[in-house]
Amino acid sequence: MAFGSVVQFRDVLGGLHLHEPTSLPVPNQLLPRPRLVDRRATLAELDAMREEHALAGVPGTALITGSAGVGKSALALAWAHNVRAHYPDGQLYADLRGHADDKPVSPLTVLGDFLHALGVPIELIPGELAGRAALYRTVTHDRRLLVLLDDAMTAAQVRPLLPASPAGVTLVTSRLRLAGLLAGGARGVYVDRLDTAAALDLLRDTLGAERVDREPEAATELTELCMRLPLALSVAAARLASRPNWTLGEMAAVLAGEQRRLAVLTIGDDMAVRSALDLSYRALRPDAARTYRLLGLVPGTTFSGGATAALADIPAVEARRLLGILTDANLLTDTAGGRYRFHHALVRLHAVQLADANERAETREEAVVRLLGWYLGTAARAERRLRPYRTGLPRDAEPRPSEVTDFGGPDDALAWLESERANLTAAVTTAHDRGRHATAWQLTDAMWSLYLFRGHHLERLDVERTGLAAARACGDPVAEGKMLGRVGLTLNALGEPDEAAAHFNVALDLWRRLGDRDREAGSLRRLGVVAAAQGDHTQAITRFLAAIELYREERADRKAALALVELGGVLITQGRGADAVIYLEQARPGLAKVDDEYNQARLEIMLGRAHTNAGALPTAAAHLHHGLAQMTTLGSSVGRAAALEALGELAQKSGHREEARHHWEQALTILNDPTTATTTRLHTHLASLSEAATESADGQTGGARAQ
């Protein structure tokens, strides 16, 4: 029920809206129901597992194992669709990419996606694995969920993703027998190759019974050449379906020749799949075949029409047409949001190998550079929508395709950044690894609003450290200084002020050498923030005043206003509320000149705290409620928590202890992060209320005894 509290507090200013748990979103993430032939015995085994665990009142977990291409994923999906009515609270799906050509997906990433799908606002999701896992257990407690985890590599990758509810069930597919899961009570389900009758049925399902039964011997030979593997059979059948004049005997002869060619390179099941993929690939028109090869170069896990257009240097409408052809050929799968992914890890590997064999190194590099340019151009455009006052964003990439995605407004821009987060992160790493260091740091810089509004602090730190390394590698001191500031801010947010200060000091020296007084002031301001967090108020005030002076000399009014807001916060901490109001009111004109609603809301909250400190309580309340309303509209969890903390302080000073407790508990629920300094303060506030209540009770008891 704790999660329900998170939802209701978002609209506290517009009237408190209470929602029952049934109003929470019901995720429906299962991929479409696949074609499934036979498997009746295995489906019955899964049914028995589900019923046994339901009777015992414990979560059910099934580990479905078998060789590549044997149909593990199809079986799991088909069964999930069969029983989904028993799990009305939702179905979650994740491709763990255990056997992809790049690294497996982290459970940290999957938990973030699952929690968001279950209704947790992104800004409230903890940054570390332990915090996400704990919140996931809380959110899934007593919910009737079905979870499908496809292509797992290790038990450790799976364990944090198992829901806590005894009314839930989890399916895990893997080529490996994950002993750690089996030891923990998972039911092992082995999927073997199809028998001959079932393999022939699969062919009939695609080609029609008449065509298959017309050539029974050739049909049987074809199933054996495909080793009775569903993936290989499906690809071969799709090839035949597109060539109605081919006989099954002709296909079997071609497939046999293909396998002889591959025998020196592959063995067993992989050879059957590879040969079937080669036949499907060779049936493609040249433009579709080229696009298929190039898609193997995509650094992320999914790709859109826009990304494909940039990669292949073709119009977006043509890219979407070719993606449809590749999907019809069973090489790609379309997913939500107009994105595509490879049908199977082996298919992606097949595309990669074809690109290496058929495209010149220069061609491959040009394609990747176009894709990176598209990501950079689109991310920069999204950043300008979200923070139009920012300067210095990249406006020219090398080379950049003309069809960069545009956005109708800030909400669209933020949604795109979030949906492409994994691809953008992979693009930063790819750019740096390929020596495209300028693209890497500029892309990191363009992702700033994503992190400002949505957090993702641990992922953010990895990306920004790569951005810093890239800036240094390209020998650009301005880029290095900007990335030092980014990394320092993230470290400070993660509770590492000493390391943050070290980065800010390096940046400060760099800006002074370059004679960039505006950015020198920025480093001084950030060092002031760190000093304030460390409790060195004198140093913080010195830093802020120096920054304000430099900003005013450079006519950087907005930045001077930000330093004034932070200076006001230190003065409040010193008990100098009236002085703080003077400086804070000086900040208002600088922020009013630009479209910066977030910092305007910060100013309102700080003015509320200052007036509380100075004893002007009605004025304080007006500022704080205004600031809370603005932060709620912006969707900033940190900002809402700051406003609620300040409202609690106001209530305590007014003698309303229970109201103060209510505000502080709300703030803790919203933050849901035990590592922040704000969380520590809130616990201290609540402890002081408990101590005061205990002392009051003891005093009353003592008075009663005296009587």
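The values are calculated or read from the model by the stated rules, or taken from the named source; none is laboratory data. What you see is a predicted model, and the numbers here were worked out from it, not measured in a lab. Don't worry about glycine lacking a Cβ; one is built from the backbone with ideal geometry, like all the others, and counts go over all protein chains shown. Note: areas computed on protein heavy atoms with side chains; ligands, DNA, RNA excluded. Shrake-Rupley method; radii C 1.70, N 1.55, O 1.52, S 1.80 Å.
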Requested in this report: Calculate, for the stretch 552-626, the solvent-accessible area per residue in square angstrom, rolling a 1.4 angstrom probe over the heavy atoms of the protein chains.
Outcome: 43
Query - With Cα atoms, 0 to 90° folded angle of helix 437-446 axis to the chain main axis - result: 60
Report summary line: Carbon/sulfur accessible area of the chain, % of total, 1.4 Å probe, equals 52
Report summary line: Rounded to the nearest 10, the angle in degrees between the Cα long axis of helix 107-117 and the longest principal axis of the Cα atoms of the chain comes to 80
Report summary line: Taking r as the C-beta separation of S419 and E224 and R0 as 45 Å, the FRET efficiency to the nearest 0.05 is 0.55
Requested in this report: Give the ranking of M251, M153 by solvent-accessible surface, highest area first, calculated with a 1.4 Å probe.
Outcome: M153, M251
Query - Inter-label distance, nm, simple model (7 Å from Cα along the C-beta direction), A41/L634 - result: 6.3
Report task. Would you grab the residues whose amide H sits under 5 Å from the one on L148? Only those 5+ places off in sequence or on another chain, please, with H modelled 1.01 Å from N. Result -> L92, Y93, A94, L171
Query raised in the report: What is the gain in length, in nm to one decimal, between T247 and R517 on full extension, counting 0.36 nm per residue of separation less the C-alpha to C-alpha distance?
Result: 89.5 nm
Report summary line: Plugging the Cβ-Cβ distance of R285 and R177 into 1/(1 + (r/R0)^6) at R0 = 56 Å yields, to the nearest 0.05, a FRET efficiency of 0.85
Query raised in the report: When ranked by the protection proxy of mean other Cβ atoms within 10 Å per residue, highest first, what sequence do the peptides 291-302, 309-320 form?
Result: 291-302, 309-320
**Report entry** Contact order normalised by residue count of the chain, Cα under 8 Å, 6+ apart, percent
**Finding:** 8
Report summary line: Amide H proximity to T61 below 5 Å, modelled H, separation 5+ or other chain, gives T170, R187
Query raised in the report: Okay, which of the stretch 495-522 sit inside 15 Å, backbone N to the point 7 Å along the Cα-Cβ direction of R555?
Result: 518
Query raised in the report: Using the alpha-carbon atoms, what tilt in degrees (0 to 90, nearest 10) does helix 345-358 show relative to the longest principal axis of the chain?
Result: 80
Requested in this report: Grab the DSSP H runs of the chain that are 4 residues or longer, score each as -39,500 (n - 2.57), total them, divide by all residues and round the 222 nm result to the nearest 500 deg cm²/dmol.
Outcome: -21000 deg cm²/dmol
Query raised in the report: Cα-based Rg of the chain per 2.2 N^0.38 Å, rounded to two decimals?
Result: 1.12
Report summary line: Place a point 7 Å from the Cα of D536 in the direction of its beta carbon; the residues of the stretch 505-524 whose amide N falls under 18 Å from it are 505-510, 521-524
**Report entry** Phi-based couplings in Hz for the stretch 475-482 (Karplus 6.51, -1.76, 1.60; Gly and Pro marked x)
**Finding:** x, 9, x, 5, 4, 4, x, 5
Query raised in the report: With every protein chain left in place, what is the accessible area of W664 in Å² (1.4 Å probe, nearest 10)?
Result: 0
Requested in this report: Eight or more residues apart or on different chains, and alpha-carbon atoms under 25 Å: count the Lys pairs in the chain matching that.
Outcome: 4
Query raised in the report: Given R₀ = 45 Å, FRET efficiency for R390-H86 by Cβ-Cβ distance, to 0.05?
Result: 0.35
Report task. Just order 352-365, 635-648, 489-502 by mean Cβ neighbour count inside 10 Å, highest at the front, would you? Result -> 635-648, 489-502, 352-365
Report task. For the stretch 45-57, take each phi angle, set θ = phi - 60°, evaluate the Karplus expression 6.51 cos²θ - 1.76 cosθ + 1.60, and give the result in whole Hz per residue in order, putting x for glycine and proline. Result -> 5, 5, 4, 5, 4, 4, 5, 4, 5, 5, 5, 6, x
Query raised in the report: Distance from the Cα centre of the stretch 38-69 to that of the stretch 449-486, in angstrom?
Result: 46
Query raised in the report: Can you give the extra length, in nm with one decimal, that the chain gains between T684 and A54 once fully stretched, where that is 0.36 nm per residue apart less the Cα-Cα distance?
Result: 222.5 nm
**Report entry** Ranked by how many other beta carbons lie within 10 Å on average, peptides 458-465, 420-427 from highest
**Finding:** 420-427, 458-465
Query raised in the report: Roughly how many whole Å is it from the C-alpha centroid of the stretch 220-240 to that of the stretch 594-610?
Result: 65
Query raised in the report: Label V26 and S106 with points 7 Å out from Cα along Cα→Cβ: what is the distance between them in nm?
Result: 3.4
